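Structure first, then comments.
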Amino acid sequence: MAETMSSSQAAPTDLYLERLALETQDRKERYTLLAGDLDKLDMASLHAALGGDSESEGDWQNKNNDDPAALSVGRRLALAYAEPPLAPPEVLSTDTSGITRLRTSPPMKRTPLAPQKWSTNPFVNIGRRFKRWANGDFRKRRRESPSASWKWVARRRRWILLVLIFGQSIIAANQMRTVLPGQGLQWLEVTILSLFVLLFAWVSAGFWTALMGFFQLLRSHDRYAIDSEVGDEPIDDEARTALLVPICNEDVARVFAGVRATLESLRSTGNDRHFDIFILSDTSDPDIAIQETYAWLVLCRDLDAFGQVYYRRRQRRVKRKSGNLDDFCRRWGALYRYMVVLDADSVMSGKCLTRLVQMMEVHSRVGIIQTAPRASGRLNLYARMQQFATRVYGPLFTAGLHFWQLGESHYWGHNAIIRLAPFMQHCILAPLPGKGSMSGEILSHDFVEAALMRRAGWGVWIAYKLEGSYEEMPPNLLDELNRDRRWCHGNLMNFRLFFSQGIHPVHRAVFLTGLMSYLSAPLWCLFLILSTALLAVHSFSTPDYFPEPGMLFPVWPQWNPTLAVGLFGVTALLLFLPKLLSVLLVWIKGSRQFGGPFKVLASMVLESLFSMLLAPVRMLFHTRFVLTSVMGWAVQWRSPSRENSDTTWGDAIRAHWTQTLIGAVWAAGVYMMEPTFLWWLSPIVVALMLSIPVSALSSRVSLGQLSFQKRLFRIPEETQPPRVLRRMVSLLAQMNTGMSAPSFARVVVEPVPNALATALGTSRHTDVSPIRQRRAERVSRAVLMGPAGMSRLERLDFLDDPVMMSQLHYHLWVDSKAHHGWFELGLPGRESTHLPTFS
């Protein structure tokens, strides 16, 4: 401080008034600050004068007040935001201590929430069921007539699905047995055959799901669709809905551009009075937290959304996203009938949100309705191919899931509406019992919450035809794999609940499919390794023509290429026929928005070839993820990238050099044993050896833009973007160029940003001696330490505590021993920190 300003007593107040005048809107007020007599006062008296306190310096010192800057918070904000005011009087007021307070959330209506302990031991559960039966307390299920419920239809469909999968797998297994040299009689061949059956059944399930989805989408009417009986009924005034946006260290501009576009779309429907929006932050970066509060204020001021859009940042961040939702339910869940959970990259149209509420109002026994989000907004070549795949192939699989599951369906954790009362009663998650990596907090909460909702008797549906729900894909392969590592660990943990008491069989199957989504990778990898081992055994060992003693006739090893080609062709048909059917469906429905009939077919072929190159790479990564999760290695839960970022060659080499080496060594080894077998293995080893350039080049935005110009991988959301997406893109561009928030150092030092941060502080504790002493110690240490010496957690504590924030601000301006870094970083120039406005 001494080196920054003149040593005269008036210098601090001169500079302080100058910085305050820089943000003052009214010219007369600015003149008063600069030309008046305020600069003759000391800093404590200056704050008192700004706050309207006319006491003399001696009187002020006699009061022994340890927070003089708190008096002027309201006045500083009024000078900076004279017209229009910063916020309405009911939002910007004072707390019980007289400190200015800016309310970011509504008054609480607390509800106690108590999760139920898990019972994951199947033997214990069977014993409990037997005990209930022995005591005569075994409740029989009431049978319903086929015409009275969709459940009977679902049951029949699922039995058909099981017959199709197992029948097809048995036939394929018999065919595979005839392909093996020893006819499946050797232990190595038995293991290979077992793995083949598991993997083929997994492929078969996907095939029949897509096939039934194709026929489902061809039909003009689905009597079992969740919206089949829903009209355009007005929404009951009591049917309040909260839109929840859990975020953690996200791209602030992207989050609030999506929230604002969604709110504007809601207002265009005239139903926005039934909805409130909550941005629920778990952000741990103090600079991002400041950006979030500024973006919230800008949104509320631009749209007059105070009292409709709320913001809360948790201080105790437990259970990640599910804990954030629990915190909302505990504080405000009783105020609302429904909640719609959004991701940081989600955008939903007002018509879609209105339709979801109308469905819930008509179907009183439905607990969750999941939409089918459409991916859009990315420019990278990799992301554009993924967007094309989810937009063209995805509807078949989503409709197929609905066909088999009906009211016992998936919940994907976002872009879904949830009935709050049963969710709060039945879906609060307890940690998994035990120790190790597969216990503790549940990481992938969505499947578990859907299972608990169904266990309580509430339906879980997919509104697979509902439009107006959007999300974004990871921009490149490495970002996708980073996300997959978290999902892998979560799905492995969820499988512990497979035998949990009361879970519906369909949701047990959901836990199984979640497990197989990642366990199929090490199974496939093991299948390939054992196949290579079988080749080595037959290449380097002498055949045993008489495996059983006393045999009169030899057993000749057989190799039938015709059968192998046939089996390979059937497997390829199961994998690629759904893609052909998807293109056929696009042709039937209209392909103009997909680039035209030829372009959509060409895009499908190119995407299929690209998927073949990525499949072995994902196989090795997912195998590693499964092993590290089981072994208990730490998983970093970082927010995914929201930018169209390229993968550098250095990042690609560091991530994929092991796959490249494995592919080269594998190919060389197979060639030495049997050159002809290398042709069968070439799709695997070639893809691994090309993993570095494929990963780097596919992330390029330039190639993505070139493919767009060539009308490849086009989707309707690119050809003719919906209004809500166009608005989001426009707002994002404005916010990226015009939205700026001060750093933590500026928030502490600058008069107006500090007043705003003080008003936003939420830790308004009772003024008792231990708290007062602890605050004084932390403020004194921060003054001497400087901003660079403070940890993220310490800076967040100051943002949360209005008293510490105000005291630190005051002491920095009066203490000559203050660290020089505060003013070097806190007063970088004369640019304004005034909140902007976006049209």
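Of a type in the set (Val, Ile, Thr), farther than 30 Å from Met805 by Cα and in a helix (DSSP H, G or I), is that true of Val724?
In short, yes.
Take the residues in segment 259-286 that are more than 18 Å from Arg331 (Cβ to Cβ) and out of contact with any helix residue (DSSP H, G or I) (no Cβ under 8 Å at 6 or more places or on another chain), then tell me which one is modelled with the highest pLDDT.
The selected residue is Arg273.
Can you tell me how many residues in segment 789-820 are surrounded by fewer than 17 Cβ atoms within 10 Å (Cβ to Cβ), small (Gly, Ala, Ser) and modelled with pLDDT of 90 or more?
The total comes to 2.
Look at Ser45 and say whether it is among the small types (Gly, Ala, Ser) and modelled with pLDDT of 85 or more.
Values: among the small types (Gly, Ala, Ser): yes; modelled with pLDDT of 85 or more: yes.
Spelling it out, Ser45 is indeed among the small types (Gly, Ala, Ser) and modelled with pLDDT of 85 or more.
Can you report the number of residues in segment 430-442 which are in contact with a Lys or Arg (Cβ under 7 Å, 6 or more places away or on another chain) and either in a loop (DSSP other than H, G, I, E, B) or more than 13 Å from Arg496 (Cα to Cα) (or both)? Steps first, please.
The first filter runs over segment 430-442 and keeps only residues in contact with a Lys or Arg (Cβ under 7 Å, 6 or more places away or on another chain), leaving 430, 432, 438, 441.
Now restrict to residues that are either in a loop (DSSP other than H, G, I, E, B) or more than 13 Å from Arg496 (Cα to Cα) (or both): 430, 438, 441.
So the count comes out to 3.
Counting only residues that are of a type in the set (S, T, N, Q), within 41 Å of the chain's Cα centre (by Cα) and part of a loop (DSSP other than H, G, I, E, B), how many does segment 668-702 have?
Within segment 668-702, the subset of a type in the set (S, T, N, Q) is 676, 682, 691, 695, 698-699, 702.
From what's left, within 41 Å of the chain's Cα centre (by Cα): 682, 691, 695, 698-699, 702.
The next check asks that each one be part of a loop (DSSP other than H, G, I, E, B); those that pass are 699.
Final tally of qualifying residues: 1.
Select from segment 727-781 the residues that are within 26 Å of His820 (Cβ to Cβ), basic (Lys, Arg) and in contact (Cβ under 8 Å) with a residue 60 or more places away in the chain and list them in ascending order.
Once the filter is applied, which keeps residues that are within 26 Å of His820 (Cβ to Cβ), basic (Lys, Arg) and in contact (Cβ under 8 Å) with a residue 60 or more places away in the chain, segment 727-781 yields only Arg746.
Select, from Trp487, Trp461, the only residue that is in contact with a strand residue (DSSP E or B) (Cβ under 8 Å, 6 or more places away or on another chain) and aromatic (Phe, Trp, Tyr).
Numbers: Trp487 fails: in contact with a strand residue (DSSP E or B) (Cβ under 8 Å, 6 or more places away or on another chain).
So the residue among Trp487, Trp461 that is in contact with a strand residue (DSSP E or B) (Cβ under 8 Å, 6 or more places away or on another chain) and aromatic (Phe, Trp, Tyr) is Trp461.
Out of segment 459-478, which residues are surrounded by fewer than 24 Cβ atoms within 10 Å (Cβ to Cβ) and either out of contact with any Ser or Thr (no Cβ under 8 Å at 6 or more places or on another chain) or under 18 Å from Ile503 (Cβ atoms) (or both)?
Those that are surrounded by fewer than 24 Cβ atoms within 10 Å (Cβ to Cβ) and either out of contact with any Ser or Thr (no Cβ under 8 Å at 6 or more places or on another chain) or under 18 Å from Ile503 (Cβ atoms) (or both): Gly459, Lys465.
Give all pairs with beta carbons closer than 7 Å in which a residue from segment 168-192 that is over 18 Å from Val537 (Cβ atoms) meets a residue that is surrounded by 14 or more Cβ atoms within 10 Å (Cβ to Cβ) and at pLDDT below 75; count only pairs at least 6 apart in sequence or on separate chains.
Note: pairs meeting the criteria are Gln175/Leu563; Thr178/Leu563.
Tell me yes or no: at least one residue of segment 93-112 is of a type in the set (A, V, I, L, M, F, W, C), assigned to a loop (DSSP other than H, G, I, E, B), surrounded by fewer than 19 Cβ atoms within 10 Å (Cβ to Cβ) and at pLDDT 75 or above.
The answer is yes, given that some residue of segment 93-112 is of a type in the set (A, V, I, L, M, F, W, C), assigned to a loop (DSSP other than H, G, I, E, B), surrounded by fewer than 19 Cβ atoms within 10 Å (Cβ to Cβ) and at pLDDT 75 or above.
I'm trying to understand the selection: among the residues of segment 823-839, which are more than 36 Å from the chain's Cα centre (by Cα) and assigned to a helix (DSSP H, G or I)?
Across segment 823-839, the qualifying residues are Phe823, Glu824.
Could you give every pair whose Cβ atoms fall below 9 Å, whose first residue belongs to segment 202-222 and is within 16 Å of Leu466 (Cα to Cα), and whose second residue is surrounded by 20 or more Cβ atoms within 10 Å (Cβ to Cβ) and of a type in the set (Val, Ile, Thr), counting only separations of at least 6 or pairs across chains?
Here the result reads Gly213/Thr398, each pair linking segment 202-222 to a residue that is surrounded by 20 or more Cβ atoms within 10 Å (Cβ to Cβ) and of a type in the set (Val, Ile, Thr).
For segment 678-710: of the residues being hydrophobic (A, V, I, L, M, F, W, C) and more than 21 Å from Ala615 (Cβ to Cβ), which is surrounded by the fewest Cβ atoms within 10 Å (Cβ to Cβ)?
Out of the qualifying residues, it is Leu706.
For segment 621-666, which residues satisfy the criterion of being at pLDDT below 70 and not small (Gly, Ala, Ser)?
Matches in segment 621-666: Val635, Gln636, Trp637, Arg638, Pro640, Arg642, Glu643, Asn644.
In segment 705-721, which residue that is under 23 Å from Gly468 (Cα atoms) and assigned to a helix (DSSP H, G or I) is nearest to the chain's Cα centre (by Cα)?
Within segment 705-721, the match that is nearest to the chain's Cα centre (by Cα) is Glu717.
Being of a type in the set (A, V, I, L, M, F, W, C) and in a loop (DSSP other than H, G, I, E, B) is the filter here, so list the residues in segment 318-332 that pass it.
Hit for segment 318-332 is Val318, nothing else.
List every residue pair whose Cβ atoms lie under 6 Å apart, where the two residues are 6 or more positions apart in sequence or sit on different chains, the first residue falls within segment 412-438 and is farther than 14 Å from Val460 by Cα, and the second residue, located anywhere, is part of a strand (DSSP E or B) and small (Gly, Ala, Ser).
From residues that are farther than 14 Å from Val460 by Cα, the pairs are Pro431/Gly440.
Considering only segment 496-503, I want to know if a residue exists there that is outside any helix (DSSP H, G or I), among the aromatic types (Phe, Trp, Tyr) and surrounded by fewer than 19 Cβ atoms within 10 Å (Cβ to Cβ).
Yes - at least one qualifying residue is present in segment 496-503.
Would you point out which residue out of Leu162, Leu193, Leu188, Leu198 is touching a helix residue (DSSP H, G or I) at 6+ places or on another chain (Cβ under 7 Å), assigned to a helix (DSSP H, G or I), at pLDDT 90 or above and closer than 30 Å to Pro522 by Cα?
None of the others qualify; the one that does is Leu198.
Tally time: how many residues in segment 226-247 are farther than 14 Å from Phe275 by Cβ and surrounded by 21 or more Cβ atoms within 10 Å (Cβ to Cβ)?
Counting residues in segment 226-247 that are farther than 14 Å from Phe275 by Cβ and surrounded by 21 or more Cβ atoms within 10 Å (Cβ to Cβ) gives 3.
For segment 271-315, how many residues meet the condition of being of a type in the set (Asp, Glu), part of a loop (DSSP other than H, G, I, E, B) and surrounded by fewer than 20 Cβ atoms within 10 Å (Cβ to Cβ)?
Of the residues in segment 271-315, 2 are of a type in the set (Asp, Glu), part of a loop (DSSP other than H, G, I, E, B) and surrounded by fewer than 20 Cβ atoms within 10 Å (Cβ to Cβ).
So is Phe713 in contact with a Leu (Cβ under 9 Å, 6 or more places away or on another chain), at pLDDT 90 or above and more than 22 Å from Met612 (Cα to Cα) or not? Can you show your working first?
Numbers: in contact with a Leu (Cβ under 9 Å, 6 or more places away or on another chain): yes; at pLDDT 90 or above: yes; more than 22 Å from Met612 (Cα to Cα): no.
So Phe713 does not fit the description; no.
On the basis of being under 30 Å from Leu627 (Cβ atoms), in contact with a Ser or Thr (Cβ under 8 Å, 6 or more places away or on another chain) and of a type outside the set (S, T, N, Q), does Tyr411 make the cut?
On the way: under 30 Å from Leu627 (Cβ atoms): yes; in contact with a Ser or Thr (Cβ under 8 Å, 6 or more places away or on another chain): no; of a type outside the set (S, T, N, Q): yes.
It is false that Tyr411 is under 30 Å from Leu627 (Cβ atoms), in contact with a Ser or Thr (Cβ under 8 Å, 6 or more places away or on another chain) and of a type outside the set (S, T, N, Q).
Please determine, by comparing only the residues of segment 406-420 that are in a strand (DSSP E or B) and under 20 Å from Ala509 (Cβ atoms), which one is nearest to the chain's Cα centre (by Cα). Explain how you work it out, then say what you get.
Residues of segment 406-420 in a strand (DSSP E or B): 408, 416-419.
Within this subset, residues satisfying the condition of being under 20 Å from Ala509 (Cβ atoms) are 408, 416.
On the way: Glu408: 23, Ala416: 13 Å.
Among them, the one singled out is Ala416.
Quick check on this structure: which one of Leu609, Leu585 is surrounded by 12 or more Cβ atoms within 10 Å (Cβ to Cβ), closer than 20 Å to Gly206 by Cα and either touching an Asp or Glu at 6+ places or on another chain (Cβ under 9 Å) or at pLDDT 90 or above (or both)? Reasoning before the result, please.
Working: Leu609 fails: surrounded by 12 or more Cβ atoms within 10 Å (Cβ to Cβ).
Testing whether each residue is surrounded by 12 or more Cβ atoms within 10 Å (Cβ to Cβ), closer than 20 Å to Gly206 by Cα and either touching an Asp or Glu at 6+ places or on another chain (Cβ under 9 Å) or at pLDDT 90 or above (or both) leaves just Leu585.
Suppose we keep only residues that are basic (Lys, Arg) and assigned to a loop (DSSP other than H, G, I, E, B) within segment 333-390. Which one would you say is surrounded by the most Cβ atoms within 10 Å (Cβ to Cβ)?
Residue satisfying both the conditions and the ranking: Arg378.
The values are calculated or read from the model by the stated rules, or taken from the named source; none is laboratory data. Here the structure is a predicted model, which means the values were calculated and not measured. Quick reminder, even Gly has a Cβ in these numbers, built from the backbone with ideal geometry, and neighbours come from all protein chains shown.
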